[in-house]
Each structure stands twice: as C-alpha cells, then as structure tokens.
Ligand code: SAH
Ligand code: SF4
C-alpha cells in the first residue's frame, strides 16, 4: 500500500489540479529568419520553390529532386544536389537553409540507448527567443531501433504522475520540428544511405531507426494537424521511408480526435489507460473527467483498420498501492475484451516531488501474470538507458537539472538512477 504521506499528497494534488494548465499555443516564427527546408511537406516544399521564381510547370520535378536530397539522402548542403542546376542551387541557398535543430548534448547509455537534447530554432516570446529544448531518445534492439519523439514542448495536460505535465513552458511543435527529430537521429547515427559501410540504409531492413513512438513530451492529439503532416513526411516511401505501421502515436485519451488519427494518419495507436475505474483515472489522467473510460474504449473499438496484426497498445504505469492490485489486473483484462490489444506495463519512473512510488517487482510480476494468463504476451517493458535518465515523463526538465551529475557518473562508469521503458508498441 502507499504510505499515508504519499496518499495525502496525491489527494491534495488531484483536488486542485485542473484538466489543463493553459490553451495550446502555436509557434509564431521569428520574422526575417531563413526557413529550413528540412521536414516540410511536399506541398510546402513546392510552395517554397514557387516563391523563389521556379515556374509552376518546373516546380513538380524540382520539388521531387530536392525532396530526394533532403529526405532520402539527408543532404546538409545545397551543393550536394548534383542534378540541380547551378543557378537554382544558388537561389535556394540565398533564400533557404537545410538547417536542423541544434543537438546540444548527447548521452549514450551502456545498453546503447542514446538521448539527445535538441534545441529548436527560436520562435518568439514563448521560448524567450532562445529556442525551446526537447529530448529525443533512440533505443536500439535486436530486431529494431525505436525513436521516441515529442509532439509539444511540455504538455497542457496535468497527469498527476507525469513530470512533463508540471512544466510551465508549453507550445506545439510544428510539423517540420517533429520530423526534424528523426532527421537529427539519422544524422547522429549516420543512418543515411551510403554513410555506414556494409549497412544499406537505403532499404528498410538496413536502417537503424525502424520505428517511431510519439511517447516523448506532449499530447499528440492536441497538435494533430502538425502530427499528421509529420506522419506524411516521415512515412513517404521516396523520403524518410518509415512505414506507418511502424509509427505509434500515444494519447492520454483525446476521444474526439482518435478517429481522425486513424482515418488520416493511419498510424498505430497507443492509449495511456493507467486505471480501470473512472474515479482513479480522473485523478491520474484528469482528461478522463471530460472523456471517461467507456467513451475512450468505444473510440478504440471504432479505430479504423484494427486486426490481430494491427492492435492497440494500452499503456499502464505501475503505481504502488494505487492501480496495481489483482482486481485491477482482472478488470483490465475484462475491459479490453474484444479489442485487438497489447498491454505495456510501465514501471513508474519517479521524479523529485512526485506523489507516487513504483510498484514492487513481485507485484508487477503478479499483475503481469494475470494479464499474461488472459492471453497478452510479455507485457512489462524492459528498463533501458538507466544510466542516462532516458525516462518516460521525465524528458528534458529533469535531465536538465541532473545533466551534469549524470555525465559525471557516466564518466566514472557509475549509473545514475532512472530508466526508460523501451516501448514495445509496434513491430
Ligand atoms: N501525452 C501522451 C504521450 C506522451 S507520454 C500520452 O500521455 O500518452 C508517453 C507515456 O509515458 C504515457 O503512457 C505516459 O503515461 C507515460 N509516463 C508519463 N510519466 C511517466 C512516469 N513518470 N513513469 C512512467 N511512465 C510515464
Ligand atoms: Fe501530457 Fe502525456 Fe504527461 Fe499526461 S502523460 S501530462 S498527456 S505528456
């Protein structure tokens, strides 16, 4: 059971917590800054060519060529575009850049997990004209490499166990900013065709980043237009080339947008369920007060294209004495009956001031056994990147404080606490 002080802190927090801190904000963009062509949709890229005088007739072909260099080859310089004429290359270089967001730091875990602190270009008063920082985590596995990306800086929602929810600065990431997290990862890993001898990054099987999960900062369905644009660019077969069934979007349950994600994004869906009763879910995921469990599960049943090969992932964070009883496990199985589902049990990742503790390991095992006996295989996520604090719900702000300490510990060959739950959302 949770201790009395945990319980009291928890109740006090939930009694006052509103569903949302502030409305979403869009980046304003600073006037006068050259625009980067990285991460743009095909339509936007064509617009940019028309804007520098390329004729409508020529723009389709030119956009295709430039698209190839930017999104397939990972070009960082217009000069590399050997099939683009000298004049156009000069015009492009005058008006635009191929800049990516800046990688402020990289941490590499002993298990191969890498975490990058990425600074976006400044967009205005929301980031004090300095550029917002987000984190991006790469988790290599034996048969896949998963990149965990953010959809917002911070999050307007206020889930009581999530550190991102306590962050003050909140803004939507633009479509190109979302895509550029994949571009940065490919740059850092050398995951572009021809860069690693013996590795054929031109083919899906040869790539290091094979899967994307939207499980970093932010609520993707509160930024759906930009997320949909990003899905289109990341899954383009002539560009970044990740199949949509290897891209998983995780939501806390924005019911009215779930159908649109399926119909227009055709991505895999993950639901942050975390509780099987409304009273508790209202407290853990306050958005539940607006969209309760029954409504959420109805939207899941209606998700387009579901089958045993295309299941919804239900995430369930293990909170000691809160949601981890045998009865909770049995109710979870009952609730999900009839939905093609996978269940990911996530060990809670504590942060300073959090009002919860992670369930004990034998409790997690017992819970997972009940779920397993109901037919759901391997539900507990393996802790990854423990030594570099690559943690769900703990990205960026926590690391910022602990960065120096973590680096010191790493240099000493010691581990800092904290783990990342390697997503098993898609294969
Ligand atoms: N906003 C979206 C996606 C980002 S959060 C969502 O809520 O689904 C990604 C996952 O990390 C969610 O399942 C979230 O509940 C989980 N998470 C947040 N804080 C956590 C913590 N401290 N420990 C473990 N998992 C956490
Ligand atoms: Fe936002 Fe997801 Fe964290 Fe909830 S769990 S506060 S929705 S990032």
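Here, each number is a calculation from the coordinates, and none is a lab measurement. Values in this document were obtained by computation on a predicted structure and should not be read as measured data. Note that we place each Cβ from the backbone using ideal geometry, even for glycine, and neighbour counts take in every protein chain shown.
Ordering 302, 362, 295, 229 by the number of other Cβ atoms within 10 Å of each residue's own Cβ, fewest first, gives 362, 302, 295, 229.
Model label points for residue 169 and residue 290, set 7 angstrom from Cα along the Cα-to-Cβ axis, are 2.4 nm apart. Sorted on the mean count of surrounding Cβ atoms within 10 Å across their residues, most packed first, peptides 182-188, 307-313 read 182-188, 307-313. What separates the Cα centres of the stretch 139-153 and the stretch 288-363 is a distance of 21 Å.
Computed from the C-beta positions of residue 104 and residue 143 and an R0 of 41 Å, the FRET efficiency is 0.85 to the nearest 0.05. Among 281-288, 63-70, the peptide with the highest mean count of other Cβ atoms within 10 Å heads the list, and the full ranking is 281-288, 63-70. By the count of other C-beta atoms within 10 Å, a proxy for reagent exposure, 155, 300 are ordered fewest to most as 300, 155.
What is the spin-label model distance, in nm, from residue 35 to residue 279 if the labels are put 7 Å beyond Cα along the C-beta direction? With each label placed 7 Å out from Cα toward Cβ, I get 5.4 nm. Fewest-first ordering of 143, 77, 191 by other beta carbons within 10 Å of each residue's beta carbon gives 143, 77, 191. The modelled label-to-label distance between residue 65 and residue 308, using points 7 Å beyond Cα along the C-beta direction, is 5.1 nm.
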